[in-house]
1. Being closer than 16 Å to LEU104 by Cβ and surrounded by fewer than 23 Cβ atoms within 10 Å (Cβ to Cβ): is that true of VAL158 here?
2. Assess whether ILE224 counts as being assigned to a helix (DSSP H, G or I), in contact (Cβ under 8 Å) with a residue 24 or more places away in the chain, under 18 Å from LEU91 (Cβ atoms) and within 24 Å of the chain's Cα centre (by Cα).
3. For segment 100-121, how many residues are touching a residue at least 60 places away in the same chain (Cβ under 8 Å) and over 12 Å from the mean Cα position of the chain (by Cα)?
4. For the subset of segment 48-58 comprising residues that are modelled with pLDDT of 90 or more and part of a helix (DSSP H, G or I), which member is surrounded by the most Cβ atoms within 10 Å (Cβ to Cβ)?
5. Could you identify the single residue in TYR105, TYR189, TYR164 that is under 12 Å from ILE206 (Cβ atoms), open to solvent by less than 20 Å² (accessible area, probe 1.4 Å) and not hydrophobic (A, V, I, L, M, F, W, C)?
6. Being within 15 Å of LEU91 (Cα to Cα) and either among the basic types (Lys, Arg) or touching a Pro at 6+ places or on another chain (Cβ under 8 Å) (or both) is the filter here, so list the residues in segment 123-145 that pass it.
7. Can you tell me how many residues in segment 8-47 are within 21 Å of LYS69 (Cα to Cα) and either under 32 Å from the mean Cα position of the chain (by Cα) or open to solvent by less than 90 Å² (accessible area, probe 1.4 Å) (or both)?
8. What number of residues in segment 185-213 are farther than 14 Å from SER103 by Cβ and in a loop (DSSP other than H, G, I, E, B)?
Amino acid sequence: MVSSPNVRSLERGLQILDCFSEENVSMSLTEIAEKTNLSTSTVGRLLQTIVEAGYLQKDSQRKYSLGDKMYQYVKVLMHKSNLGDLAMPILTNLRDIYNETASLYIVQKENRVCIASVESHQPLRRSVEVGEVLPLKQGAVGEVLLAWHPYNERRKIVGDDHFYSEDHFSRIREAGFAVNDGLQEEGVYAIAAPVFDKDGSNVAAISVSGPSHRITLNQRSELIKSIKLYSTLISRALGFHDSE
């Protein structure tokens, strides 16, 4: 299969970005050409585009280094990592109280991705791995993340599915949590609540899940209180100040 010119340009652009590392934080056009085995004219043309896009910058010595746009992505990755690390003690505490799996998810396009998880010690448990990717239109976590998602993006994701009405999401926002009892995953009970950052933006959802038959009605009542409390603790650790 022959690559199109646009695809080849993208591949070469990524090849150029791959040249930068802790040992090579700043390089000249010639050095980059040598590392990529591309002609200086090709590298020069690509560098101009990459610099204009903000992914690289050029100094007065005609040396290239990572630009502001790249640091934006680094901040995003650090935020995700810090969020997961920050949540781990709280997730562990939730797991220890109920001995059910506790996890934390963030939005990634039309999916939700697990960035932290502490599994139940019980042989029969809801297994959740870090990196697990599931649709937003699935489960209590998805409903919570969708409830606080921007309206236009939410409607694009849910489409004409009548289950995901705006009234449904309003009730979740009012309650401060969502429950899914075997609707999309038979035999699994899950409860989720939102996590907010210092600006009041919903950045994640915390969840506890396990076999439906093991989580009694009394435990479910306690779980609602706990999930709301612990999601608030994570939010406050991120700088969020609620009205209460």
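1. Details: closer than 16 Å to LEU104 by Cβ: no; surrounded by fewer than 23 Cβ atoms within 10 Å (Cβ to Cβ): yes.
Here the answer is no, as VAL158 does not meet what is asked.
2. On the way: assigned to a helix (DSSP H, G or I): yes; in contact (Cβ under 8 Å) with a residue 24 or more places away in the chain: yes; under 18 Å from LEU91 (Cβ atoms): yes; within 24 Å of the chain's Cα centre (by Cα): yes.
Yes, satisfied.
3. Count: 5.
4. ILE50
5. Details: TYR189 fails: under 12 Å from ILE206 (Cβ atoms); TYR164 fails: under 12 Å from ILE206 (Cβ atoms).
That would be TYR105, the only listed residue that is under 12 Å from ILE206 (Cβ atoms), open to solvent by less than 20 Å² (accessible area, probe 1.4 Å) and not hydrophobic (A, V, I, L, M, F, W, C).
6. ARG126
7. If we filter segment 8-47 for residues that are within 21 Å of LYS69 (Cα to Cα), which is where we start, we get 9-29, 32, 43-47.
Filter again for either under 32 Å from the mean Cα position of the chain (by Cα) or open to solvent by less than 90 Å² (accessible area, probe 1.4 Å) (or both), leaving 9-29, 32, 43-44, 46-47.
Here the count works out to 26.
8. 7
The values are calculated or read from the model by the stated rules, or taken from the named source; none is laboratory data. Predicted model, so just to flag it, every value in this text is computed and none were measured. Glycine also receives a Cβ, built like all others from the backbone with ideal geometry; neighbour counts cover every protein chain displayed. In case anyone asks, the SASA skips ligands and DNA or RNA and just uses the protein heavy atoms, side chains included. Shrake-Rupley method; radii C 1.70, N 1.55, O 1.52, S 1.80 Å.
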